[in-house]
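J.: Take this structure first; my questions come after.
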Amino acid sequence: MTIAAGLAVASAAFFLSPMGASVPIMVVLGILLIASGFVNLAWPGLVAMEYVQGGLGVLLIISPWVGRYVETDVFGPAWMSWICGTIALVLAALAIRPAMRAHHDAITH
């Protein structure tokens, strides 16, 4: 699901009207979300990757203010960043405990 959120935010940068630094920020953070999602799929017990994805979600949430592309009147890059960032953050928070359990099971066996 994080891969889908990363793909959505990275591709939306090219379809929504660009404002401020929205395009480079959304593309870079989207690609990083996609990459972290694939790493997470390859090594499911890697707990640190859940924190990385949560951090990328937080960066997406604050990026409209940092990149000066806050526009709340219309659905644009800011809303896409907020939605995808929230999805990434919530999914990472929900996956931390199972990742810890998978990591613990891999060590003890």
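The values are calculated or read from the model by the stated rules, or taken from the named source; none is laboratory data. Here the structure is a predicted model, which is why all the values come from computation and not from measurement. Reconstructed Cβ throughout: ideal geometry from the backbone, glycine too, with neighbour counts over all protein chains shown. These accessible areas exclude ligands, DNA and RNA; they are computed on the full protein's heavy atoms, side chains included. Shrake-Rupley method; radii C 1.70, N 1.55, O 1.52, S 1.80 Å.
J.: Take residue 9 and tell me if it is assigned to a helix (DSSP H, G or I) and open to solvent by 10 Å² or more (accessible area, probe 1.4 Å). Talk me through it step by step, then tell me what you get.
T.: On the way: assigned to a helix (DSSP H, G or I): yes; open to solvent by 10 Å² or more (accessible area, probe 1.4 Å): no.
For residue 9, the condition - assigned to a helix (DSSP H, G or I) and open to solvent by 10 Å² or more (accessible area, probe 1.4 Å) - is not met.
J.: Something else about it: Residues 25, 34, 61, 107: which one is of a type in the set (Val, Ile, Thr) and modelled with pLDDT under 85?
T.: None of the others qualify; the one that does is 107.
J.: Can you find a residue that is part of a helix (DSSP H, G or I), under 14 Å from the mean Cα position of the chain (by Cα) and under 15 Å from residue 1 (Cα atoms) anywhere in the stretch 58-79?
T.: Scanning the stretch 58-79 turns up no residue that is part of a helix (DSSP H, G or I), under 14 Å from the mean Cα position of the chain (by Cα) and under 15 Å from residue 1 (Cα atoms).
J.: Also: Go through (1) without any contact (Cβ under 8 Å) to a residue 12 or more places away in the chain; (2) open to solvent by 60 Å² or more (accessible area, probe 1.4 Å) one by one and return the number of the condition residue 39 breaks.
T.: All conditions are met except number (2).
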